[in-house]
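To start, the structure itself, in C-alpha cells.
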Amino acid sequence: MSAETPQWKADAKGLSFAIVVSRFNSGITEKLLSGAQEALAVAGAKSSRVFWVPGAFELPFASLKLAKAFDAIIALGAVIRGETPHFDFVAGAAAQGLQRVTLDTGTPIAFGVLTTNTFAEAEARAGGAHGNRGYDAAMTAIEMARFRKPSRGGAKS
Ligand code: INI
C-alpha cells in the first residue's frame, strides 16, 4: 500500500457487493479487480459478484442496473490519455455518471477508475509503487455501505 493510503474501517460482514469492471486496458483492470477482491476478503464481505463491461464509459449504466441488488458497488476502469482527446470524454462521463447514479439511487459507488497520462502511471496504481486503487475503492465501498446499514457496526449519525 502507498503512503497516502488512509486507514480503512474494514468490517464488511453482512454486506454484499457488485464489482463492475471494464475490459478496456484489461491488463490494468484485472489487477484492480484482484485488489478489490483482496480487500473484500480481508474485511469479511458476505458476498461479491463481478460484472464486466466494454469500457469505462459503460460503468454508470451497468451500475444503475445493479444498484438495487447490492449494498454498494465498486466500479473499476483505466482511462489512459495517450494521444487522444477521447480520454476527456470517457473519463468525465465515467466520473459524472457514477456520481449521478450514486446520488439518484442511494447506493454508494466507489470510483476505482484510474485516469492517467501513461500506461506506466496506471501500472503504478494497480499493484505497483503507488498501491492498488482497486483495493482502496473496495475499502471505500465498505465504509460508505455502512451509511446504509449503520446498525451493523459502521458509521454513526
Ligand atoms: N475506455 C476505457 O475504459 N479506457 C480508455 O482509455 C478508453 N479510451 O482511451 O478510449 C476507453 N474507451 C472506450 C469507452 O469506454 C467505450 O467503451 C466506447 O466509447 C464505447 O461506448
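The values are calculated or read from the model by the stated rules, or taken from the named source; none is laboratory data. This is a predicted model, so every value here is computed, not measured. Ideal geometry is used to build each Cβ from the backbone, glycine not excepted, and the neighbour counts take in all protein chains shown. To get the accessible areas, we keep the full protein, side chains included, count just its heavy atoms, and leave off ligands, DNA and RNA. Shrake-Rupley method; radii C 1.70, N 1.55, O 1.52, S 1.80 Å.
A compact table of results
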{"item": "Cβ-derived FRET efficiency at R0 41 Å, residue 129 paired with residue 100, nearest 0.05", "result": "0.80"}
{"item": "Folded to 0 to 90 degrees: helix 26-42 orientation relative to the chain principal axis, Cα", "result": "20 degrees"}
{"item": "Spatially near lysine pairs across the chain, Cα under 24 Å, sequence gap of 8 or more or different chains", "result": "19"}
{"item": "Estimated FRET transfer efficiency when R0 is 22 angstrom, pair residue 119-residue 61 (beta carbons, to 0.05)", "result": "0.25"}
{"item": "Crossing angle, helix 133-145 versus the chain [Cα axis fit, 0-90 degrees, rounded to tens]", "result": "30 degrees"}
{"item": "Histogram of C-alpha separations across segment 92-147, 10 Å bin width, %", "result": "24, 44, 28, 5"}
{"item": "Protection proxy ranking, peptides 89-99, 58-68, 16-26, average beta carbon neighbours within 10 Å, highest first", "result": "16-26, 58-68, 89-99"}
{"item": "Accessible area (Å², per residue) of the chain, counting only protein heavy atoms and a probe of 1.4 Å", "result": "51 Å²"}
{"item": "DSSP-defined beta bridges in segment 55-153 - what % are antiparallel, rounded to 5", "result": "20 percent"}
{"item": "Nearest-10 value in Å² for the accessible area of residue 11, using the 1.4 Å probe", "result": "60 Å²"}
{"item": "Compactness of the chain as Cα Rg over 2.2 N^0.38 Å, two decimals", "result": "0.97"}
